[in-house]
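Shown next, in C-alpha cells, is the structure this report addresses.
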Amino acid sequence: MVYKALKNGEVKYVGNNINKSQKINFKEVETSLLENRVSRVKNEKMFLHIANIDNAVFQATVEYFVKLGAKWTNLPLTTLMISSPGEVYAGQKLDYTTDTLPVELPNWFGNDRKIFLSESSQFYLELQLLIKGLDQAFSIYNSFRKEKSDATHLSEFQHIEYEGKVDLEGDIKVFMGLFEHIFNYVVKNNKEDLLFFLSEEELKNKIDLVNKGPMRIGFREALDLLYKETGDEKYKDFSLKNFGTWEEVKLTEVLKSNVIVEKFPMLQIPFYHAIAKEEIDGVPVAKNADFILYGFRETIGAGERIKDKNVLLKKAEIFNLPENDYLPYLQTRDFLDYEVTSGFGMGWQRLTQWITNQPYIYEATVFPRTHLVPNP
C-alpha cells in the first residue's frame, strides 16, 4: 500500500523506510526533490537501489517475453497517430486539438502536418503484426503526455507494451503473467534493494497480495461498491468522470486486493477498443481492462481491438479524428486475413513506485521528466 483514501476525499501517503507517513501535495510537483539532482544521485544511497530495481525490471521483462515467444520491436517516436485521441463525456464530442494532450513537434522539417511524440507504441505494434509468421510483439519505449506531472504522473515515462493475436482474456493472462514474473524476479534477485524501502512485513504483504491474485469486477460494480461505502450519489452515474485517484485507492481497500476493472463506458476511453456485446445502464461498454494495484493507481491498461473497419471509421468520426492521419491503421482492416489483436501498456515508473512505496513517481526513477524544464 502506497496511499490510503481518507474520508474527506483526500489521499494520504502511508510511508516507507525512508519517508514518513504524511499528507502529500498530490497534484503539484515537489520541486525541491528535483533540484540538485546530480548531487543527490551522487550522494544518496536510494538511487543505487532504484537503479538495481530498474535493471531487474528490464531483465525480467525481456526474459518473460522471450519465453512467451513475443518479438522485440524497434519503433518510431514520432507519429501522426496518437493512441488516446480524446474522450467523450455524456455524448459530447471533444476537440481533437486541445483535449488529447499529445506533445506536438512544431515545424517538423517545414512540414505543415501535425507531428506528435508518441503517446504509446500500440498502433505500430499492431502494424508489426502484419508481418506473416509474427503473432506477438513487445516494446519498451518512452511515451510522452502533455499533462502536468503529479505524484503518480510523469510527462515522459517508460512504457512496457505488448500486442498479440489474442482476445481480451488472453491479453489479461499475458499482462498478469508479466506483472507476476517481474515482481517475483525482483523479490528473488533484489531483496536487499527492496528492504532499503520496505520493512520485512511490508514486503511479505506485497508477496501475499501477488500470490493471492487480483479480484476482477466490472466498472459498474466498482461504482456500486464506492456508492455503498460513501453514500455519494455521484457514483450512480456510469461515468469515468468520478473515478480518479481517491476512487482507485479506495476500491482496492474495500476489496483488500489488487483489482482488474473491466467494461468501461465505450466513449470515455481510446477509440480503438472493441465494443462488448452487452450494454450497462443503456451505455455501450468496451472490451477493456485496467489493473489497479492495492493502495495505489492503475498501472496496466489493456483492451481488445476493433476488427470491423466500418465500426472503426464510425468511432473515429465520433472522436473527431482526421481520417487521413489514420489511414495506415485503417488500412489494416482491409486485409482479408486480418486477425483480431489485443494489447496492453504497463507504466514502468508506476510499477517501481508501488514496489518501493515511494511517495512520488519522480522519486521512483533516477532522471524523471515532469512538465517542468528538464534538469538535468
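The values are calculated or read from the model by the stated rules, or taken from the named source; none is laboratory data. Note that the structure is a prediction, hence the values are computed from the model and not measured. Counting neighbours? That spans all protein chains shown, and the Cβs are built from the backbone with ideal geometry, glycine included. The area values use the complete protein model at the heavy-atom level, side chains included, leaving out ligands, DNA and RNA. Shrake-Rupley method; radii C 1.70, N 1.55, O 1.52, S 1.80 Å.
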- May I ask you to list the residues in region 1-36 that are among the aliphatic types (A, V, I, L, M), part of a loop (DSSP other than H, G, I, E, B) and modelled with pLDDT of 90 or more? 1, 2, 6, 14, 18, 29, 34
- Message: Being touching a strand residue (DSSP E or B) at 6+ places or on another chain (Cβ under 7 Å) and hydroxyl-bearing (Ser, Thr, Tyr) is the filter here; which residues of region 261-298 pass it?
- Response: 272
- Message: So if I check each of 208, 224, which one is assigned to a helix (DSSP H, G or I), touching a helix residue (DSSP H, G or I) at 6+ places or on another chain (Cβ under 8 Å) and at pLDDT 95 or above?
- Response: 224
- Query: Does region 334-341 contain any residue that is in contact with a strand residue (DSSP E or B) (Cβ under 9 Å, 6 or more places away or on another chain) and either outside any helix (DSSP H, G or I) or open to solvent by less than 60 Å² (accessible area, probe 1.4 Å) (or both)?
  - Reply: yes
- Query: Restricting to region 244-262, what's the tally of residues that are modelled with pLDDT of 95 or more, surrounded by fewer than 21 Cβ atoms within 10 Å (Cβ to Cβ) and in a loop (DSSP other than H, G, I, E, B)?
  - Reply: 2
- Message: So for region 226-239 (the condition being open to solvent by less than 60 Å² (accessible area, probe 1.4 Å) and under 30 Å from residue 18 (Cα atoms)), does at least one residue qualify?
- Response: no
- Among (1) farther than 18 Å from residue 161 by Cα; (2) in contact with a strand residue (DSSP E or B) (Cβ under 8 Å, 6 or more places away or on another chain); (3) part of a strand (DSSP E or B), the one test that residue 301 misses: (1)
- Message: Going through 271, 291 one at a time, which residue ends up being among the aromatic types (Phe, Trp, Tyr) and assigned to a strand (DSSP E or B)?
- Response: 291
- So which residues in region 26-71 are surrounded by 12 or more Cβ atoms within 10 Å (Cβ to Cβ), under 22 Å from the mean Cα position of the chain (by Cα) and not aliphatic (A, V, I, L, M)? 26, 54, 55, 58, 59, 61, 63, 64, 65, 71
- Mind listing whichever residues of region 109-151 are over 19 Å from residue 73 (Cβ atoms), touching a residue at least 40 places away in the same chain (Cβ under 8 Å) and open to solvent by 40 Å² or more (accessible area, probe 1.4 Å)? 113, 114, 145, 146, 147, 148
- Note on the structure: When region 342-368 is checked residue by residue, the ones that are assigned to a strand (DSSP E or B) and either of a type in the set (Ser, Thr, Tyr) or over 25 Å from residue 163 (Cβ atoms) (or both) are 342
- Examine region 85-93 for a residue that is at pLDDT 85 or above, under 27 Å from residue 368 (Cβ atoms) and either among the small types (Gly, Ala, Ser) or more than 16 Å from the chain's Cα centre (by Cα) (or both), and state whether such a residue exists. no
- Scan region 94-105 for residues that are assigned to a loop (DSSP other than H, G, I, E, B) and either hydrophobic (A, V, I, L, M, F, W, C) or modelled with pLDDT of 85 or more (or both) and jot them down. 94, 101
- Task: Identify the residue in region 153-200 that is farther than 21 Å from residue 141 by Cα and small (Gly, Ala, Ser) and, among all such residues, is most open to solvent (accessible area, probe 1.4 Å).
- Result: 199
